[in-house]
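One structure is given below, represented as structure tokens, and several questions about it will come after.
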Amino acid sequence: MLKQYRLRDYKFRLILWVIALSVLGIMIIGSADKDVQQKQIIGLIAGLLLMVIVSLIDYVWLLKFYWIFYFIGLALLGAVILRGTNVNGATRWLVIAGIQIQPSDIMKIILIMFFAQFFSKHEDDLSTFKTIVMSLIILVVPWYLIYKQPNLSTSILTLLLFATIYFVAGLSYKVIGGIIAVCIPVVPIFANLLLKPGQTFVQEYQLIRILAWLYPEQYPDAAAQQINSIIAIGSGQLYGKGLETTAVESVKNGNFLAEAQTDFIFAVAGEELGFLGCCIIIILEILIALECFYIGRNAREMSGTILCSGMGALIGIQSIMNICVATGLMPNTGLPLPFVSAGLTSLMTLFIGIGLVLNVGLQVKKY
């Protein structure tokens, strides 16, 4: 369970990027909603402590319990369906001992851990029909529970994360080519069916979000969030209006940004820190993701490589999706910006994931 490690193998550079981004996030959250800033500070301190503890536990030993973690995740997702807390029409949260958690965030880390072990065990038959079907069945169960909350954004993220992990594990290029060949005609057909009246693929509010993104002038109310976000980012220009600005013309101060402390935190950053502030956030997210991939490349076992790559992919894909929503490059979805948005479950699970990556980095190949 615990091993002797060398301090010089500890990846302090990754910790530095994570702390820098988290502190910047706390500053922006304080400007967006002062009431949740204190909670985020506590989350950062607790997250760092948890990260250090996890980083000292042998990840190879932890991954032996991958099926137990998987069923714990399913139990939490199932509890959300049965006894979850409904907020704004979606049931995604669970209250345990007075603490509100979001099990879908926990499940992301569990799935990364699970498939890191599962694919390493099936390294010799990754591309066989049996393994592909088994892995898809394992994925579909939690994916469906997340989708039914409803949580379309996280269900899409889960699929992209799974695809990345399978690719890193070594899925045959012939299989990948076959999937792409099937998707080329299927995607436009599905998109066409999605926009037809009476479709049952997505719920009405989700369809309206897609239509509002495509035709904002026809759906002004549904498109207002993204339009205001784009205005806020643009108004910050190069240097921004300053943190906690009191400017009357501020989009944030006019309460035109919904969920400013979570889903649209990037808009607050754009308005108050400007283009340079946005670039710093993007660069830090990229550095964290790349550092995870780098550590994974030098991992001692295949499971370590997949684990680190999964964390890098999670941070990278989720960052892209959040920023694309804030800048109007994709339909409105509710995903936090890693280490920046308010939300204790998201923050704590990300720190657990970073702790796992750090442990992989401590077990270098020469050991």
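The values are calculated or read from the model by the stated rules, or taken from the named source; none is laboratory data. Quantities reported herein were computed from a predicted structural model and do not represent experimental measurements. Note that we place each Cβ from the backbone using ideal geometry, even for glycine, and neighbour counts take in every protein chain shown. The area values use the complete protein model at the heavy-atom level, side chains included, leaving out ligands, DNA and RNA. Shrake-Rupley method; radii C 1.70, N 1.55, O 1.52, S 1.80 Å.
Output the residues belonging to segment 39-93 that are of a type in the set (Phe, Trp, Tyr) and open to solvent by 30 Å² or more (accessible area, probe 1.4 Å). Lay out the reasoning, then the answer.
Start the filter on segment 39-93 by keeping residues that are of a type in the set (Phe, Trp, Tyr), which leaves 59, 61, 65-67, 69-71, 93.
Correct list: Trp61, Phe65, Trp67, Phe69, Phe71, Trp93.
Is at least one residue of segment 21-32 within 23 Å of Met311 (Cα to Cα) and more than 19 Å from the chain's Cα centre (by Cα)?
Checked segment 21-32: no residue is within 23 Å of Met311 (Cα to Cα) and more than 19 Å from the chain's Cα centre (by Cα).
What's the total number of residues in segment 286-302 that are part of a helix (DSSP H, G or I), open to solvent by 10 Å² or more (accessible area, probe 1.4 Å) and not hydrophobic (A, V, I, L, M, F, W, C)?
Of the residues in segment 286-302, 3 are part of a helix (DSSP H, G or I), open to solvent by 10 Å² or more (accessible area, probe 1.4 Å) and not hydrophobic (A, V, I, L, M, F, W, C).
Would you point out the residue of segment 305-337, among those that are among the small types (Gly, Ala, Ser) and not in a helix (DSSP H, G or I), that is nearest to Asn359 (Cα to Cα)?
The selected residue is Gly334.
Would you check which residues across segment 230-262 are under 28 Å from the mean Cα position of the chain (by Cα) and either on the phi > 0 side of the Ramachandran plot or among the β-branched types (Val, Ile, Thr) (or both) and list them?
Ile230, Ile231, Ile233, Gln237, Gly240, Gly242, Glu244, Val251, Asn255, Glu259, Thr262, listed by residue number.
What is the residue count in segment 148-200 for residues that are part of a helix (DSSP H, G or I) and either under 25 Å from Glu123 (Cα atoms) or open to solvent by 50 Å² or more (accessible area, probe 1.4 Å) (or both)?
Result for segment 148-200: 34.
Run Val87 past the list (1) under 18 Å from Asp263 (Cβ atoms); (2) touching a residue at least 12 places away in the same chain (Cβ under 8 Å); (3) of a type in the set (A, V, I, L, M); (4) touching a strand residue (DSSP E or B) at 6+ places or on another chain (Cβ under 8 Å) and report the number of the one that doesn't hold.
Checking Val87 against (1) under 18 Å from Asp263 (Cβ atoms); (2) touching a residue at least 12 places away in the same chain (Cβ under 8 Å); (3) of a type in the set (A, V, I, L, M); (4) touching a strand residue (DSSP E or B) at 6+ places or on another chain (Cβ under 8 Å), the one that fails is (2).
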